[in-house]
Amino acid sequence: MAAGTSVIGYLKFNKKKETNIMIEQTTSQDAHKKGLQRQIRRTRDSLRDTVEQIQDTAEQKYQAVKQTVSDVLDYREEFHKEPVVWTLGALCAGFASGYAVGYSHKLAKNTKGSQFASFTDTVVTDLSQLGQRLVLPDLNAKITELFGFNFGRFLRQIGSNGKHTRTKPLRSRRRQKQPKGGRKKKSS
């Protein structure tokens, strides 16, 4: 019996040991799971904070850029602040583009059937008509008010004249050769 008791006791002891080991393993697995869950929770919170910071920064930069762009696009206020600078800038831009188109047109006129020449002719004609219909009436009223003469009539008079005066004499004219003896003397 003693031997039987010891086998039963041994088995009971072994079962207790296995149960204790299983409990220890379960307890260590639960602790490990809880540790991982805590770490995941901390990581999630950290990511949420980082994303919120990035969103706040992006929103602030967006608002700053939006304000800057709206300030720049409101050219009327800027024009009132610096009218001379804006006027000179517009004149320079107009002169540069007009000069470039005019010079290109001059070069293109030399070639027959140039698409660029016909394009610039069309653009100049359309802009001229637009200016005469929209800009010239207001400009004429202001010039008449300030200086007392009709600018539109003056432009029509220039346009209908048709004569263009030369600023330089033609070089193709040759001087007449003088006789070798020099000038003839008058007889007295």
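Restricting Val101, Val85 to those that are farther than 24 Å from Leu127 by Cβ and free of Cβ contacts under 8 Å to residues at least 60 places away in the same chain reduces the list to Val85. For segment 98-107, state whether one or more residues are surrounded by 10 or more Cβ atoms within 10 Å (Cβ to Cβ), part of a helix (DSSP H, G or I) and among the charged types (D, E, K, R). Yes, because at least one residue in segment 98-107 is surrounded by 10 or more Cβ atoms within 10 Å (Cβ to Cβ), part of a helix (DSSP H, G or I) and among the charged types (D, E, K, R). Considering segment 108-141, and only residues there that are in a loop (DSSP other than H, G, I, E, B) and hydroxyl-bearing (Ser, Thr, Tyr), the residue that is surrounded by the fewest Cβ atoms within 10 Å (Cβ to Cβ) turns out to be Thr111. Take the conditions (1) at pLDDT below 55; (2) surrounded by 10 or more Cβ atoms within 10 Å (Cβ to Cβ); Thr144 misses just one of them, which is (1).
The values are calculated or read from the model by the stated rules, or taken from the named source; none is laboratory data. Everything numeric in this text was worked out from a predicted model, so none of it was measured. Counting neighbours? That spans all protein chains shown, and the Cβs are built from the backbone with ideal geometry, glycine included.
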